[in-house]
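The structure under discussion appears below in the form of structure tokens.
Every read-out reported here was derived from the displayed coordinates using simple, explicitly stated rules and does not represent laboratory data. Treat the numbers as computed from the prediction; the structure is a model and nothing was measured. Here Cβ is always computed from backbone atoms with ideal geometry, including for glycine, and neighbour counts include all displayed protein chains.
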Amino acid sequence: MLALPRGGVPVASEVARALGLPLDVIVVRKLGVPWQPELAMGAIAGGGVRVLDEELIRSEGVSPEDVDAIAAREEQEAERREHLYRAGRPALELRNRTVILVDDGLATGSTMQAAVKCAKSLQPSAVIVAVPLASRQACVHLREAADECVCLAVPEPFGSVGEWYQDFRQTSDAEVRDLLSQPAC
């Protein structure tokens, strides 16, 4: 089981515990529009994976130089987090295994698309996306990208992931490390 940090780690921790699976992270970073950082114009993941919403980039007038600069900054942050979260532990072996990717929810789905692309490059037997909620658009895109997409709720209208949680405080790096260090049941 692979969680998208940081918010996906508490969700994935519960799922991994219930299923008795080992838990690891797949560090992805959203590429936010420069003047509206919460609006994802794409995402990056390990192995040089870059997923871009070319239509949004064009409609917002984001220059290729801005995209490259934001991607470079986010790649540095991804490397920092991967080193911090793993604390010297090797990544899980994914080759010929079923991989379950978990996040706390999907608005645009761009970070999960990058996670799927990254996971598939490691030659698993299947990639399953599992989330508690998502926008209809994100589910459609991820059903095409992954072998399976399990989404418990697709609320209409969607709005944002945070509005569907009673407590949506940001998960800290320390909390992520703590959850990842717990043994699988």
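Once fully extended, how much extra length lies between Gln170 and Gln182, figured as 0.36 nm per residue of separation less the alpha-carbon to alpha-carbon distance?
2.3 nm
For the charge dipole of the chain, defined by +1 on Lys and Arg C-beta atoms and -1 on Asp and Glu C-beta atoms about the Cα centroid, which residue among Ala87, Ser172, Leu142 has the Cα displaced farthest towards the positive pole?
Going by the Cα projections, it comes out as Ala87.
Beta carbons within 10 angstrom, averaged per residue: use that to sort the peptides 154-161, 132-139, 35-42, 11-18, highest first.
132-139, 11-18, 35-42, 154-161
With charges only on Cβ, +1 for K and R and -1 for D and E, what is the dipole size of the chain about its Cα centre, in debye, rounded to 20? Intermediate values should be presented prior to the final figure.
Numbers: 19 positive and 27 negative charges, 125 e Å.
Dipole about the Cα centre, nearest 20: 600 debye.
Would you mind checking the stretch 106-149 for residues with the amide N under 12 Å from a putative spin-label position 7 Å along Cα→C-beta of Leu19?
Correct set: 126-131, 148-149.
On a C-alpha basis, how far is the centre of the stretch 38-74 from the centre of the stretch 93-161 in Å? Whole number, if you could?
19
Among DSSP bridges having both ends in the stretch 2-181, what percentage is antiparallel? Round to the nearest 5.
40
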